[in-house]
Amino acid sequence: MTVDIDKTPADTPPAGPEAIKAIPVRHYGRYVSAVVAIALLVGVVYAFAQGKINWGAIPDYFFDDRILDGVGKTLLLTVLSMVIGIVGGVMLAVMRLSKNPVTSSIAWFYIWFFRGTPVLVQLIVWFNLGLVFEYINLGPFYKDEWSDFMTPFLTALLGLGLNEAAYMAEICRAGLLSVDEGQTEASHALGMSHAKTLRRIVIPQAMRVIVPPTGNEVINMLKTTSLVSVVQYPELLRAAQDIGQTSGAPAEMLFLAAAWYLLMTSIFSIGQYYLERYYARGSSRSLPATPFQKIKANVLSLSNRSASTGGTA
């Protein structure tokens, strides 16, 4: 009787499954859409290049003193109008949430009126209120004719700032309502006043909701300042139009103003991104990557991919 003896070593591991070779999915639609987008961009650039536009006038006046002065006044008007809008918006939001029906109704009427009328109309009305109020009389402090008091700068500041307060009020109200009521109840149970609760507990937590739309409002305000050219305030657009009339290049100066607006909004957008990233701490497990971190990650992934391809070859 013959017995077959298995000569395979007992400690030899069993053969595992073959490694899966991943084949990336080819997205042909992306290539087609990229080609179409590039073709449209080339067509638009070619059309503008063939137009009767003196492109050389744009760099000649890009850093003109009048343009730089208009840029400075545009930034100043943007900052001051947003300060008025943010302060007024916080006050109106607190009034809207108040249990006092008088203050709540006043805030509601203010928001309804300023959000319901175009800002351009408001600017023109402010500029022509001399038809209603011939003088402004503040008693022993100040008295003057309305036409001398309501300068183009004050008209622009009041028109933009008070209008912005109505929009910021709704943004702030949404942020305050996003904080759980239990936070307020707990702070009141600890003996904190309502004002201290808002300052220490509610508003810091509401900033995460308030900051992103506020950044958009700042960028929108920067562009909305171009409307004040109708009240003769010499901001960027007005300065560009004046140069265009004297230089014989009105269209070119509009392109110049557009380039400056794009530059300033791009800088503001970068600041808004990092401000949102700062207030995102604690609301997410990991902060979103910065543009530089994204570029670094893409470069490293490409280098690792090329190294692995070279090693396989």
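The values are calculated or read from the model by the stated rules, or taken from the named source; none is laboratory data. This is a predicted model, so every value here is computed, not measured. Ideal geometry is used to build each Cβ from the backbone, glycine not excepted, and the neighbour counts take in all protein chains shown. For the accessible areas, the whole protein counts, side chains as well, though only heavy atoms, and no ligand, DNA or RNA atoms are used. Shrake-Rupley method; radii C 1.70, N 1.55, O 1.52, S 1.80 Å.
Miscellaneous remarks
- Area of Trp260 that stays accessible when all protein chains are in place (1.4 Å probe, Å², to 10): 20 Å²
- Two-site label geometry, Ala251 and Leu97: point separation in nm, points 7 Å out along Cα→Cβ: 5.2 nm
- Cα centroid separation - the range 111-135 against the range 39-84, whole Å: 29 Å
- Kirkwood Rh and Cα Rg combined as Rg over Rh, evaluated for the range 23-94: 1.31
- Paramagnetic label reach from Trp55 (point 7 Å along Cα→Cβ; backbone nitrogen cut-off under 18 Å): within the range 235-275, residues 249-260.
- Values of log10 I(q)/I(0) for the range 75-281 across q = 0.11, 0.13 Å⁻¹ run -0.66, -0.87, by the Debye formula with one identical scatterer at each alpha carbon and no solvent.
- Using the Cβ-Cβ distance between Leu154 and Val44 with R0 = 41 Å, the FRET efficiency computed as 1/(1 + (r/R0)^6) comes to roughly 0.50.
- The length gained by stretching the chain between Ile267 and Ser178 to full extension, at 0.36 nm per residue less their Cα-Cα distance, is 29.1 nm.
- For His27, the solvent-accessible surface with a 1.4 Å probe is about 80 Å², rounded to the nearest 10.
- Solvent-accessible surface (1.4 Å probe) assigned to Thr214 amounts to roughly 20 Å².
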